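The values are calculated or read from the model by the stated rules, or taken from the named source; none is laboratory data. Everything numeric here is computed off the predicted structure, so don't read it as measured data. All Cβ positions, even for glycine, are placed from backbone atoms using ideal geometry, and neighbour counts span all protein chains on display. Note: areas computed on protein heavy atoms with side chains; ligands, DNA, RNA excluded. Shrake-Rupley method; radii C 1.70, N 1.55, O 1.52, S 1.80 Å.
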Amino acid sequence: MADNGDDDAQYRINEGDYVVLKRGDIFKAMQIQPRKKVIFEKQWFFLDKAVGHLYSTTFEIMSGGNLQPKKPKDAEGPGDAKEAGTDNRHIMDDGKSQKLTRDDIETLKEQGLKGQEIIQQLIENSSTFRDKTEYAQDKYIKKKKKKYENTVTILKPSCRILAMMYHGREPGKICHLRYDSLAQMLTLANIHAGSKVLVFETCAGLVLGSVMERMGGYGSVIQMYPGGGPVRAGVESFGFPAHFHDTLHDFPICHVNALLAGTLDTAAKDPCADEKQSNMAAEEQNQPEAEPQGSPEERSMETSAGDDTAEDQEKKEREKRKEAKDQEKRVKLEEKRKKLAAAASLLEGRNADGLIIASRFHPCPLLMSLLKFLSPSRPFVVYSQYKEPLIECYTKLREQGGTVSLRLTDTWLRHYQVLPNRTHPQLLMSGGGGYLLSGTTVAMDRAKPAASQRADEPAPKRLKVTDTEG
């Protein structure tokens, strides 16, 4: 029984967990903190009451912002045994069919009526509801539920759910990467536990977090980042355990050429040198100006022994604070050097098992540089919102050689509504999910030039010509 309890604990909501709130087709990532007010879809509540319940539980928002698990019987829709018409053509939408006004609905809310009770009141006070067809009635109830039901579902974060959240709310932040394209990237790159994967992405950490989730905390993930530091906002939303982060390494993309040339010196490299110089210049500018010197009598009258002691003590405190700050900077710098050296040692072997590129930068120079770190017979995937950069990469790879099975693909995705006698495609769909360039690396024999390879090929047999006289 204890083992079953331990297995069940990973599916229960705990304090400090990262969760995803869902209402309809709207998602929002959030961390559970004690007595923190959460605002989601114009509703405010506290997530404290959700601790201890299973994930994917639907809660009802009560008065005071408390959450209460929704009972199974509440899932039944209002008006199950309802009368229905056969035709909607004679129904006119003139805005006079509903007897309840906005003030009446607000009064019902103040009286403490639940969402389903308000919907039942709307149905009873509608003069055209019973004349609508069964399909139209279901559509009406679904629309009112979305507006008046105060419910929220708490989900466990995953790459699919977070990809749907980002694509629905902020698609530009993830370069309009759709969740089906993300799934194809993980499959084409053969991401699995125990592998060594290179990732270069500017999708708020979504691709990096998806790779770490697929690997399950086993192997090595090397994040190649541009600019001052890596962006991992999306990785935090996954809520990985601590041992997952032990497999993650960072390496700046600006040092790739030096590493390939063998000139990268991680021990002598000081990434904070420019910052130190700017701080020294600022300190020189902020130094106080020298006070004008007066006569010894005036100086003796203006100063006292007590003031000298206070100034000396304040000066010592400033020096101590400065030394502590410098020591903290040295510790951080040493940690950064160690991380850079660890990532460089993983890359120096040039035996990575996979490469994923998904960024807003032009992928061609990145791909040509990072492909050199892959072992032969290893997959790589490049994502771009537009196909023109990938066409350039495709042409460059064909000219350079060293890769096979090059494919440039585009995915078309459309959702379907599956209901009795109402199965049809959804009217609204995504216009595009981006483009993918995938391939496999191969070893090249660069010792022989291309001319000698052609000379080694067997010559074709000559056809015997027979003279015929007619």
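Here Leu260 clears all of (1) hydrophobic (A, V, I, L, M, F, W, C); (2) within 30 Å of Leu333 (Cβ to Cβ); (3) not in a helix (DSSP H, G or I) except the condition numbered (3).
For region 55-83, the candidate set comprises residues that are at pLDDT 75 or above and in a loop (DSSP other than H, G, I, E, B); within that set, the residue that is most open to solvent (accessible area, probe 1.4 Å) is Lys71. Restricting region 111-135 to residues that are among the charged types (D, E, K, R) and either over 40 Å from the mean Cα position of the chain (by Cα) or outside any helix (DSSP H, G or I) (or both), the residue that is surrounded by the most Cβ atoms within 10 Å (Cβ to Cβ) is Lys132.
Here Glu469 does not fit the description of being outside any strand (DSSP E or B) and either at pLDDT 85 or above or among the β-branched types (Val, Ile, Thr) (or both). Among the residues of region 84-110, those identified as assigned to a loop (DSSP other than H, G, I, E, B) and of a type in the set (D, E, K, R) are Asp87, Arg89, Asp93, Asp94, Lys96, Lys99. Taken over region 191-237, the residue count meeting the criterion of being in contact with a strand residue (DSSP E or B) (Cβ under 7 Å, 6 or more places away or on another chain) and either part of a strand (DSSP E or B) or of a type in the set (Phe, Trp, Tyr) (or both) is 12.
Could you say whether any residue in region 220-231 is closer than 23 Å to Phe27 by Cα and either of a type in the set (Gly, Ala, Ser) or buried (at least 18 other Cβ atoms within 10 Å of the Cβ) (or both)? Looking through region 220-231, none of the residues is closer than 23 Å to Phe27 by Cα and either of a type in the set (Gly, Ala, Ser) or buried (at least 18 other Cβ atoms within 10 Å of the Cβ) (or both).
Count of region 136-167 residues, restricted to those that are more than 23 Å from Lys49 (Cα to Cα) and not in a helix (DSSP H, G or I), is 0.
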